[in-house]
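Data first, discussion second: the structure below is written as structure tokens.
The values are calculated or read from the model by the stated rules, or taken from the named source; none is laboratory data. From a predicted model like this one, the values you see are computed outputs, not experimental measurements. Reconstructed Cβ throughout: ideal geometry from the backbone, glycine too, with neighbour counts over all protein chains shown. The protein model used for the area step is the full one, side chains on, heavy atoms only, and it has no ligands, DNA or RNA in it. Shrake-Rupley method; radii C 1.70, N 1.55, O 1.52, S 1.80 Å.
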Amino acid sequence: MFRWAIHWQILIGMVSGAVIGIALNMFASDRRSEFSEAELPGGLQSLVCHDTTNRVQIEITDANGSTRSLVVSGGSDREESFATLAEVKKADPEAYALFQEWGRSRARWIGDVSRKIGGLFLRMLRMVAVPLIVASLMSGILGLGNASRLGRMFGRTLGYYICTSLLAILTGLLMVNLIQPGSGGTTHGQPTEKPPVSGDIGDVLFNQLETMIPSNPLGAFTEPNFLSIISFTIAFSIFALLVGGNTAEKIRDWAKVSFDVMMAMTLAIIKLAPLGVLFLMLYVTATQGVEVFRSLAWYMVTVIVALGFHALVTLPLILKFVARRNPVEYCRALSPALLTAFSSASSNATLPLTLTNVEERAGVSNRVSSFVLPLGATINMDGTALYEAIAVLFIAQLLPNYDLGMADQVIIAFTALLASIGAAGIPHAGLVMMVIILQAVGLPIEMQGIIIAVDRVLDMCRTSVNVWSDACGCAVIARFESSGTDGTSLNTEGELSI
Ligand code: ASP
């Protein structure tokens, strides 16, 4: 039976949700209601609510005749009011409850219900995030075979991965600060409890460093603290390799099996994405109107321009001056892999093609490619890192009163790097990982709903950049390997000895 490909399904879900939401916002988002003592629960004289897209007013007169008025506004008068309904909920739970029960416009009511349903989909993504990262990292590192294959090549490869990912993140941060795709939005987001982190950058970095050494690794898994989880998993895998023998083999088999299962689970959840997107899109557009698309278009432009810069300027420069390869020829050799990456949105699925292209069309030795590419498909994701940084700052820009300063941006850069390392090479993995960064800077996770809608297109673009960076890494490492400066050689069994 004919079935639409998942990205078409998601697109249809997105458009349907948006159309319904916009219609609701246009025709059912303005409600003024007044209730007298007879209609209201005991102890209240009157209640007046006015709910529009950008402004909510709640006026309550209690039994003693004293009146209080609360205003929620994304507009210019927000100084003397609340930025979000969540703030009202905290400051005056009674007023919030009255508004929810008596004052909401139909659009907001349906929007809130949709947010809850879409939230279930996001919960599922959060459910698989930790086991997926752990299994993906462990099978990648343990797949190296034995500890002697680590060493200098590992150091260089890791150095390349980190440098290019940081360059990508820097490009992303520069573009998003320059273009400001989310500024001018009037979103009523709901920030989580944690305030944005600010303060001395040194302190912030030291805190992150401390987090990388969890005093209770099991606690990190239940919290969950992703930074601690990733660092502990990497250490565990490396030491498993060092212990070697039967132990390493058993753990590797276990990691591989778990990874396969987690992949299957994630892919199954992604099948629900069209529905999840429909409800999240409906929530966003019903409560915020068509205005939100203007910001979304700029967001996409920002991500694509930044990815383009990294793929067409930064990486080719590295190829030319570090790997001493002709970027145009190298790109031509890799084109089948890059196109497959674009249409599959999965580095893992593209891996067999990347391997054959790099070896047979670009002439890199199997010794290098078999080491650099599988590891790269798991942990080197420049496109994903760049996209995470832009997406999180975009969400922050959309929220009124939510400025992310220098210290927060350093945290974003750092967490984006780790998120990209932890992301599996499958479609939408970057989206799953974004939760880490949103939590790190105290942004509301449900705001992901806004960007999920356009995630497939951006996923295709960033996956091509991920694969392109892995391939460039091969050329860089191959150059050092062949220059014979690292002292590595092949022993008689063809095993790499250091
Ligand atoms: N789809 C990407 C990849 O496979 C990961 C991501 O979602 O960013 O490389």
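Here are a few things to note about the model shown:
- Which listed residue, of I110, I22, I58, is at pLDDT 90 or above, touching a His at 6+ places or on another chain (Cβ under 9 Å) and buried (at least 18 other Cβ atoms within 10 Å of the Cβ): I58
- When residues in region 42-55 are screened for being assigned to a loop (DSSP other than H, G, I, E, B) and either over 16 Å from E101 (Cα atoms) or open to solvent by less than 60 Å² (accessible area, probe 1.4 Å) (or both), 4 of them pass.
- Subset of region 459-473 (residues that are near the ligand (Cβ under 9 Å from one of its atoms), among the hydrophobic types (A, V, I, L, M, F, W, C) and crowded, with 24+ Cβ neighbours inside 10 Å): V465, V467
- For region 25-41, a residue qualifies if it is open to solvent by 40 Å² or more (accessible area, probe 1.4 Å) and of a type outside the set (G, A, S), and the qualifying residues are M26, F27, D30, R31, R32, E34, E37, E39, P41.
- E34 being in a helix (DSSP H, G or I) and of a type in the set (D, E): no
- Subset of region 336-365 [closer than 19 Å to D455 by Cα and more than 10 Å from the ligand (Cβ to nearest atom)]: L338, L339, T340, F342, S343
- Per this entry, V368 is not counted among residues that are closer than 21 Å to R456 by Cα, more than 16 Å from the ligand (Cβ to nearest atom), part of a helix (DSSP H, G or I) and among the β-branched types (V, I, T).
- Failed item, numbered, when G405 is tested on (1) within 15 Å of the ligand (Cβ to nearest atom); (2) more than 21 Å from L315 (Cα to Cα); (3) surrounded by fewer than 22 Cβ atoms within 10 Å (Cβ to Cβ): (1)
- Filter result for T378 (among the polar types (S, T, N, Q), in a helix (DSSP H, G or I), open to solvent by less than 40 Å² (accessible area, probe 1.4 Å) and over 22 Å from L312 (Cβ atoms)): yes
- Region 382-498 holds helices (runs of 4 or more DSSP H) entirely within its bounds, and those carrying 2 or more residues that are at pLDDT below 80 map to 429-440, 448-452, 455-482.
- The condition (being outside any helix (DSSP H, G or I) and either at pLDDT 85 or above or surrounded by 20 or more Cβ atoms within 10 Å (Cβ to Cβ) (or both)) is satisfied by just one residue among R252, R325: R325.
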